[in-house]
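One structure is given below, encoded as structure tokens.
The values are calculated or read from the model by the stated rules, or taken from the named source; none is laboratory data. Quick caveat: nothing in here was measured; it's all calculated off a predicted structure. Cβ coordinates were reconstructed from backbone atoms using ideal geometry, including for glycine residues, and neighbour counts include every protein chain displayed. With ligands, DNA and RNA removed, areas are computed over all heavy atoms of the protein, side chains included. Shrake-Rupley method; radii C 1.70, N 1.55, O 1.52, S 1.80 Å.
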Amino acid sequence: MLKSKTFVKKTRSGGVMKVVREHYLRDDIWCGSEVCSECKQESTVLQRDACMESNLCSYPHYLLPDTNVVLHQIDVLEDPVIRNVIILQTVLQEVRHRSAPVYKRLKDIIHEKEKHFYTFTNEHHRETFIEREPGESANDRNDRAIRVAAKWYSQHLKASDSDRLKVVLLTNDRGNKEKAEEKALLVYKFEEYIKSLIANTELVDHLALSNDDKNEISSSKVLFPEHLPLSRIQTGIKSGSFLQGTFRASRDNYLEASVFVQGEEEDSTEVLIQGLQNLNRAVHQDVVAVQLLPRNEWVAPSSVVLQDEGKAKDDNAEEEEEEKALRVSAAEAARKPTGKVVGIIKRNWRPFCGMLNLSQIKESTRHLFTPADRRVPRIRIETRQAASLAAQRIMVAIDGWPKHSRYPNGHFVRSLGSAGDKDTEQEVLLLEHDVPHQAFSQAVLSFLPKMPWAITPEDMAKRQDLRHLTVCSVDPPGCTDIDDALHCRELDNGNLEVGVHIADVSHFIRPGNALDKEAASRGTTVYLCGKRIDMVPELLSSNLCSLRSNVERLAFSCIWEMNHEAEILKTRFTKSVINSKASLTYAEAQMRIDDTSKNDDITKSLRGLNKLAKILKRQRIEKGALTLSSLEVRFHMDSETHDPIDLQTKELMETNSMVEEFMLLANISVAQKTFDEFSECALLRKHPAPPPSNYDILLKAGKSKHVEIHTDSAKALADSLDVATVDGFPYFNTLLRILATRCMMQAVYFCSGMDNDFHHYGLASPIYTHFTSPIRRYADIIVHRLLAVAIGADSTYPDLMDKHKQSALCNNLNYRHKMSQYAQRASVAFHTQLFFKSRGILNEDGFVLFVRKNAIIVLIPKFGLEGTVFFDSKDKAKANPNLVFDEEGPTLAVEQHTFHIFDKVKVTISLDDSNIQHQKIRMALIDPVIPGVSVPAPDVEPQAKKPKLDR
């Protein structure tokens, strides 16, 4: 049976087009139940014995939730207890339009066989399809469609002689419930049903609060201004009276935030928001509408540190005092555009990790949850298992934030494990940095090659055979995902042939399949201390794609002919087959180069590469490439407990630089080739020049030691850094380079057709991309595909040539790379805390890196560790020293002593674990000695005998 809908729509050119939508209705859509004898179905999903023990329903029953139940109670529906659920097509479509994350979670549940969730295509079933009536809203029509389908199911199952099996409609909409009862349907409120389940009381904690519950929790006093409706916000943005931007809460001050308003091109403004009323229930990363305050009400960012800690602040007196402190301290300083949040355009809530603060009221089920991320407000939740959750890291989701409530309301999602436990903290770290780390799904794994795998004659026919070349790889110790290998040999004409051979990952990962989509979503492999979260399954990352020694592997090769002055005479790219002759570490390669008694082919190849690399590096530096510095640390782990037992900064060798030079050269060569072929859709990487103000701190640091630094170009900066020395202070140059690194902008991926500034500031290269690490970076896979099309080695596909899709992909890759860097830093910080936990108090030499109003930030070179020495005490009984801060210097006078940038100091280092969720490395000053401020040097016990190292 065919239904058709005809309507007209206006085209872009102003014409009118008739559109006919055909909608087919069928009789052969089955109910999915085991008890049914009418439907001619081959397989069933819904069980005959659908028993969930409930005080309300003592009989077997199927659940049929409406759209709002699925949208708001997905945490409950995911629980293994909830089985035999009918998901209507109406509900599935509405969820898809309203929330992509919930839709994905629902689809995952439907695919779980043991959950018995059945999708019923009610919109195409002759007896359950309904037309929208005149004057009926789309929402009301959908509610009616759900009721009609529930009625059909009840009657259909009855006809199958199954009097006992019932269908229970679950809704939270009072109107929908009443209408369902009028039609004699079996209907319950969702909470009512969940609370009736016997022996599953913990499910109640997963319930998202309904509007009735929200009102019950909040006070009658209105604490916040009403949010404007979306229609008013849109009008206001169009007229310019409101601004739209992303709300970014402050880590240090819960009463302050800024809203980033993206302008035309690169232009963006920042609006400061101060005070509870003006923040108006916005949460970090929400998209909000702000209204600027009159100019005379503009304020400056506060230097006060305020954490929302301790008992619940439901009375406003204390906060009014704190807000006053903000305003007083900001009166004389430079003011910024200041505004207030008038409405929320898009909530960006996610489940948050953190810990429970138990209520002081005995028997209370309402408690405050403190998120690990200090930018997120505390959340009030209701739980009956608070005592057992007290020392756990848990996840909580926000349900809403009524204007009467000081805190948002939420519900418990799940426990992650004991706080402080290594695995738990790692899980928190990954969740908080949005790093996808679940096991690869069966759908993804199904696209892996079948084992045993071997290179086929068809593969060989399309590739150049380079198995005879003396190719070797040079990597950090323990590396199993080997992306790149190199070779260098002399040609008959006296020139040199140099090859960079990169794992041919794009041969195994084909565009658009589940494996490709998963890799694109993950964006990058994330390296934590002692753990690697792969972008692609291990079969590829550590085996079939990894260029291990003495096995045949598929590669994408970039081969140059060079003269002995490292000038490129010819470049060619080819898909190839290689057989690496050695997998070396940087240290092993260095030893071969230095050992004059060795003269084998591998060593000769390495020496040739090293000689050319030195010339290439010199040429790059002459062009103005920057050699910056950042201290990377390496932990030595105990081989049994996997706890850190030693902490050192990484030592770089000549061979590190050798590999880096050829990777840079390959990336530049490929960038040029792909851009020449595809000027609109090449995926490139740029590094913007920093705005001059970024260099203020670097210039001041140089000036404090009478060293002049020029920053008008990368070349000027590089030359200044090369000659910046201070007699008797050999570490000065390294400190200066560390500080210069902090001034830099983030390098980003972009699509060539969407940008016209390609320059890479740090490398002083006019064009750059990433080609050399496709096992661990998705950007490189796209670049491989572009290059393969450019040389005729592979076919193209539409998304590859679509600059808008390419640009959206770049945005995700930039986000994933940034979050992976933050996750890596957090992992180093956590392992550093573990290291100091067992060390007691240590004394170490350090240098002042930054000077603040009430503190100095100290770098400990031995550990690559930064920490803060505060000079104002939180202890009210202790008098604070006299502090004078000079922003020009910057200098900080503490009593009689003045601190400058790069001053040498001696400090104690210890772990402060008084707040288990926010443990900190504490530093206190030993030298210079300032009476009443510095502490005596502790007696450091000799180290116990070191356990065996797992290097």
Would you be so kind as to identify which of F573, T832, L892 lies farthest towards the positive end of the dipole of the chain, taking Lys and Arg as +1 and Asp and Glu as -1 on Cβ and the Cα centre as origin? F573
For E844, E567, E42, the accessible-area ranking with a 1.4 Å probe, largest leading, is E42, E567, E844
Please give the contour-minus-distance gain from Q285 to D594: 0.36 nm per residue of separation, less the Cα-Cα distance, rounded to one decimal in nm. 105.9 nm
Roughly how many debye, to the nearest 20, is the charge dipole of the chain about its Cα centre, given +1 on each Lys and Arg Cβ, -1 on each Asp and Glu Cβ, and no other charges? 1460 debye
For segment 381-400 versus segment 113-158, the gap between their alpha-carbon centres in whole angstrom: 36 Å
Run through segment 1-75 and list the trypsin sites (Lys or Arg not before Pro) located in a DSSP loop whose Cβ has at most 16 other Cβ atoms within 10 Å. R12, K40, R48
Based on alpha-carbon positions alone, could you give the equivalent ellipsoid semi-axes of the chain from the gyration tensor, as √(5λ), descending, whole Å? 51, 41, 28
Give K9/K151; K10/K151; K189/K403; K531/K614 a once-over and call out the pairs whose C-alpha atoms are over 29 Å from each other. K9/K151; K10/K151; K531/K614
Percent relative contact order for the chain, counting Cα pairs under 8 Å at least six residues apart, stands at 7 percent
Taking the 0 to 90 degree range and rounding to the nearest ten, how far is the long axis of helix 100-111 tilted relative to the main principal axis of the chain, both from C-alpha atoms? 70 degrees
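Between E490 and S241, 0.36 nm times their residue separation minus their Cα-Cα distance comes to what?
82.6 nm
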If you restrict to DSSP beta bridges whose two residues both lie in segment 1-98, what percentage is antiparallel, to the nearest 5? 80 percent
Label-reachable residues, segment 684-728, where backbone N falls under 13 Å from a point 7 Å from K623's Cα toward its Cβ: 715
Once both labels are modelled 7 Å past Cα along the beta-carbon direction, what's the L539-E552 spacing in nm? 2.0 nm
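To the nearest 20 Debye, how big is the dipole of segment 799-891 about its Cα centre, given +1 on the beta carbon of each Lys and Arg and -1 on that of each Asp and Glu?
Charge dipole of segment 799-891: 440 debye, to the nearest 20.
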Summing -39500 (n - 2.57) over every DSSP H run of at least 4 residues in the chain and dividing by its residue count gives a helix-only mean residue ellipticity at 222 nm, to the nearest 500 deg cm²/dmol, of -9000 deg cm²/dmol
Which is farthest toward the positive dipole end of the chain among V428, P938, S231, measuring Cα position about the Cα centre, with Cβ charges +1 (Lys, Arg) and -1 (Asp, Glu)? S231
Antiparallel %, DSSP beta bridges [both residues in the chain], to 5: 80 percent
What's the magnitude of the charge dipole for segment 840-927 around its Cα centre, counting Lys and Arg as +1 and Asp and Glu as -1 at the beta-carbon? Answer in Debye, nearest 20. 260 debye
Once both label points are put 7 Å beyond Cα along the C-beta direction, the K195-R347 separation in nm becomes 2.2 nm
Sites matching trypsin sites (Lys or Arg not before Pro) across segment 374-403 that sit in DSSP coil, with at most 15 neighbouring C-beta atoms within 10 Å: R384, K403
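Carbon and sulfur together cover what percent of the accessible area of segment 447-657 at a 1.4 Å probe radius?
So the carbon and sulfur contribution to the accessible surface is 49 percent.
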Set Lys and Arg Cβ to +1 and Asp and Glu Cβ to -1, take the dipole of segment 1-151 about its Cα centre, and tell me which of Y62, S99, A50 lies farthest positive. S99
Work out the P(r) tail for segment 63-210: percent of alpha carbon pairs separated by more than 24 Å, whole number. 29 percent
Förster-model FRET efficiency, 25 Å R0, H23 and K183, C-beta, rounded to 0.05: 0.55
With the cut-off at 30 Å, tell me which of the pairs K113/K166; K113/K818; K107/K462; K346/K818; K115/K177; K336/K623 have Cα atoms farther apart than that. K113/K818; K107/K462; K336/K623
The answer for the net charge of residues other than M744 whose Cβ lies under 13 angstrom from its Cβ, with Lys and Arg +1 and Asp and Glu -1, is +3
